[in-house]
Amino acid sequence: MVQGLDAQVLPRASESRHPFLYLDFAGLASNAVGEFDDLVGAGGGMNFSAKVFPLEDSRNFGMRADLGWVVYGLEKIPTCISDPCRVQANINTSNNIFYFGLGPEVILIRGRFEPYVYGTLGTSVFNTGSTLQGEYFEGADTHFNTTHLNDWTFAWRAGGGIRYGIWEDLSLDFGVEHHGNGVADYLTKGDVTDDSDGKTIINPRRGEANLLTFRLGMSLGLGRDRGDEKDR
C-alpha cells in the first residue's frame, strides 16, 4: 500500500522541480567567422532570452525567444565643435548587430547540470551610427545621433549550453552559438571617412557576415511550484 502511494506521489514531486519558464540575461563575447573574420575582430554584447516549457509531463522540450546586441567595431575621432577650438568632443562610431530569433530548445538531461541545444529563425540588423560625446565624460549622454547604414537580413542561429544550479531557482548559464546571418551590407572600422570639404563618405561592404558568440550569464527558473499547486 505504501509502495503504491509512493508511485503516485514521486512523479508529481519530480514535476514540481522542473520550471516551465526561464528568463536569461547574459554577456556575450563574439568572434567573426569565414570572410567576415578577415575584416572584423572580436566584439562583445548582451543577450536576453525567454524560454517556455508548457508540457507538464515533459519539461525537456520548449520554445525560446532571443533578443541580443553585438558590437563588432568601435572608432573614436577627436573633433572641435567651436572656432577657436575651445570646446572639444569625440565622434564615436559603432558597428552593431541587433538580432531576434524564435525556435525550439531541448534539455538533454535534467538535474543540477542541465545541458541543452537549440535553434532559432529570425532576423539580424546590421547598423552603423555616429554620436557626439564629451571628451572627458565617456558615460555622459550622447547627442546628434546619425545612422550611416541599416541592413536587415534573414538569420538562423544554432547553439548549445549548460546550466548549473547554484540556488533553487537560479543557475549559472554558459553557451556557444553560431549566427548564420548570410549575405549582408555592413560597415567596418575605417569605412566611414570625411573628405577635404567635410563631407562624409560611406564605403559599405557586402558579403557573408557570420559570427560565433560565447555567452555567460544567469538563468532564472519560474513556475517550480506548479505541480504542488495541482495537488492542493
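The values are calculated or read from the model by the stated rules, or taken from the named source; none is laboratory data. Quick caveat, the model's predicted, so the values are computed rather than measured. Every residue, glycine among them, receives a Cβ derived from its backbone with ideal geometry; neighbour counts consider all protein chains shown.
So the values come out like this:
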| read-out | value |
| --- | --- |
| Residue ID - nearest to LEU21 (Cα to Cα), chosen from residues in region 211-229 that are modelled with pLDDT under 50 and in contact with a helix residue (DSSP H, G or I) (Cβ under 7 Å, 6 or more places away or on another chain) | ARG226 |
| Residue match in region 170-186 (condition: of a type outside the set (Phe, Trp, Tyr), within 20 Å of PHE61 (Cα to Cα), touching a residue at least 60 places away in the same chain (Cβ under 8 Å) and in contact with a strand residue (DSSP E or B) (Cβ under 9 Å, 6 or more places away or on another chain)) | yes |
| Conditions (1) touching an Asp or Glu at 6+ places or on another chain (Cβ under 9 Å); (2) modelled with pLDDT of 85 or more; (3) over 17 Å from ASP173 (Cβ atoms): number failed by VAL40 | (1) |
| Number of positions in region 187-199 that are without any contact (Cβ under 8 Å) to a residue 60 or more places away in the chain, out of contact with any strand residue (DSSP E or B) (no Cβ under 6 Å at 6 or more places or on another chain) and not acidic (Asp, Glu) | 3 |
| Residue within region 15-32 that is part of a helix (DSSP H, G or I), on the phi > 0 side of the Ramachandran plot, out of contact with any Lys or Arg (no Cβ under 6 Å at 6 or more places or on another chain) and at pLDDT below 95 present | no |
| Some residue of region 104-115 being touching a residue at least 40 places away in the same chain (Cβ under 8 Å), closer than 16 Å to LEU149 by Cα and either of a type outside the set (Val, Ile, Thr) or out of contact with any Lys or Arg (no Cβ under 8 Å at 6 or more places or on another chain) (or both) | no |
| Residues of region 64-93 satisfying the condition of being at pLDDT below 95, surrounded by fewer than 19 Cβ atoms within 10 Å (Cβ to Cβ) and within 28 Å of LEU212 (Cα to Cα) | LEU74, GLU75, LYS76, ASN92 |
| Within region 155-181, tally of residues that are acidic (Asp, Glu) and under 27 Å from ASN210 (Cβ atoms) | 2 |
| Number of the exception - TRP167 against (1) closer than 17 Å to GLU105 by Cα; (2) exposed (fewer than 13 other Cβ atoms within 10 Å of the Cβ) | (1) |
| Subset tally (residues that are surrounded by fewer than 16 Cβ atoms within 10 Å (Cβ to Cβ) and under 24 Å from GLY122 (Cβ atoms)) for region 140-159 | 5 |
| Of all residues in region 177-228 being in contact with a Gly (Cβ under 6 Å, 6 or more places away or on another chain) and among the acidic types (Asp, Glu), the one that is nearest to THR146 (Cα to Cα) | GLU208 |
| Qualifying strands (runs of 3 or more DSSP E) (wholly inside region 41-123; at least 3 residues being more than 15 Å from the chain's Cα centre (by Cα)) | 61-80, 88-107 |
